[in-house]
Amino acid sequence: MPVRLPAIQAVRAAAALMVVAAHVKIAIEIELFRIPIPDLPLSPFPLVAGVDVFFVVSGFVMAYASGSLFGQQGAWKRFLWRRLVRIVPLYWLITIALLALMFAIRSPILDHTTAWQIAASFLFVPALNPDGFPVPLLDVGWTLNYEMAFYVVFALFIGWRRPLALAATACALLLLVAIRPFVDPSATALRFWSDPIVIEFLGGILLQLLVRRGLILSPWTRLLMIGTAVVILATFPALDQPWRWLQWGGPALLVVAAAVCGPVAFGRWTTTVERLGDLSYALYLVHFFAIRAVAQVARHLEWTAAPTTVGAFAIATTAIALLLAWVLHVGFERPVLQRLRRYDRVRTPPVVPTS
């Protein structure tokens, strides 16, 4: 299957920026200017659905990037090593930084945070926070708890031949969802992992199978798919949680399909798009710090709810988040990834973007 790296990188970059914009909107409405969300630009559009795009991309990329591992003895070890190397170092670094900051400012949250909740944040195990939600210390890390669970399920079957392994993975994900009504609410982790949102990973896997079989769509068809996705998302700005996999996951699948089911050319912008895609993971994890920092400055300067100050807040936050992401990617994520990948003795498949 030909690699369409720029298109996937563009999708990843867009998904990360959507999440950043969603949290900037929340900061504007709740923490700073008290501007009702309906009065903000793009208010009917659920920008947080960028998370759903990430999940579809993850399913797609795992099914493709593991091509050389299917059917190999010990493949599960190599697969999990590659995923841990990709996900863990940066996430742990930022979680440690957040924890240090909380101790430095003597955050009252620590008074109600148990040792297990802290440990669970590093182990990718869902645990209830002081507010009763199954999220880790770094709030956005809840998505990684799903990602890691998906990787474990995928690893269980990767030693089988590709068709059987992917079918078994799909069945396992569907079984998880099927048992959810019977899971006691006190079983926090299992209740979390059995959320229907995991079907979005399956959507990415199925899309990869179609592309592998040669599915190519015309540019007009793909544009129509993107337009349809935008309309559906705008139609369902308020989330009905049990149906998120369909309301937001469906449009996410359309967007990713539009990116991979045909050639995409960015011309002289190709390098920029690829670099933004490279930054997407760091941007997703670190933008919280940028929002908090700019919010503190805005409070100190006593910014009012004028359009210019609101716009300045949004632009400054996004710019600083991108800068922090670049520093982390170049100074930490990339060199650590290169060093740890030396321990992978298996020849790596052709380079594709990882989620």
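Among the candidates 270, 304, 308, 318, the residue that is surrounded by fewer than 14 Cβ atoms within 10 Å (Cβ to Cβ), touching a residue at least 60 places away in the same chain (Cβ under 8 Å) and out of contact with any Phe, Trp or Tyr (no Cβ under 6 Å at 6 or more places or on another chain) is uniquely 304.
Residue selection: residue 202 fails the criterion of being at pLDDT 95 or above, surrounded by 18 or more Cβ atoms within 10 Å (Cβ to Cβ) and farther than 30 Å from residue 132 by Cα. Residues in region 116-175 that are in a helix (DSSP H, G or I), more than 27 Å from residue 98 (Cα to Cα) and among the small types (Gly, Ala, Ser): 155, 165, 167, 168, 170, 172. Between 247, 241, the distinction of being buried (at least 16 other Cβ atoms within 10 Å of the Cβ), on the phi < 0 side of the Ramachandran plot and within 19 Å of the chain's Cα centre (by Cα) belongs to 247 only.
Going through region 104-115 one residue at a time, which ones are in a helix (DSSP H, G or I), within 17 Å of residue 292 (Cβ to Cβ) and of a type in the set (A, V, I, L, M)? Of everything in region 104-115, those that are in a helix (DSSP H, G or I), within 17 Å of residue 292 (Cβ to Cβ) and of a type in the set (A, V, I, L, M) turn out to be 104, 109, 110. Screening 14, 21, 27 for residues that are under 21 Å from the mean Cα position of the chain (by Cα) and either over 20 Å from residue 290 (Cβ atoms) or at pLDDT below 90 (or both) leaves exactly one candidate, 27.
A Cβ distance below 6 Å, combined with a sequence gap of six or more or placement on separate chains, defines the contacts here; from region 174-195, residues that are without any contact (Cβ under 8 Å) to a residue 12 or more places away in the chain reach residues that are of a type in the set (S, T, N, Q) in the pairs 183/194. Collect the residues in region 211-236 that are within 19 Å of residue 52 (Cβ to Cβ), surrounded by fewer than 17 Cβ atoms within 10 Å (Cβ to Cβ), of a type outside the set (S, T, N, Q) and modelled with pLDDT of 95 or more, keeping them in residue-number order. 226, 227 - these are the residues of region 211-236 that are within 19 Å of residue 52 (Cβ to Cβ), surrounded by fewer than 17 Cβ atoms within 10 Å (Cβ to Cβ), of a type outside the set (S, T, N, Q) and modelled with pLDDT of 95 or more.
The values are calculated or read from the model by the stated rules, or taken from the named source; none is laboratory data. Keep in mind it's a predicted model, so treat the numbers as computed, not measured. We place every Cβ from the backbone using ideal geometry, glycine too, and count neighbours over all the protein chains shown.
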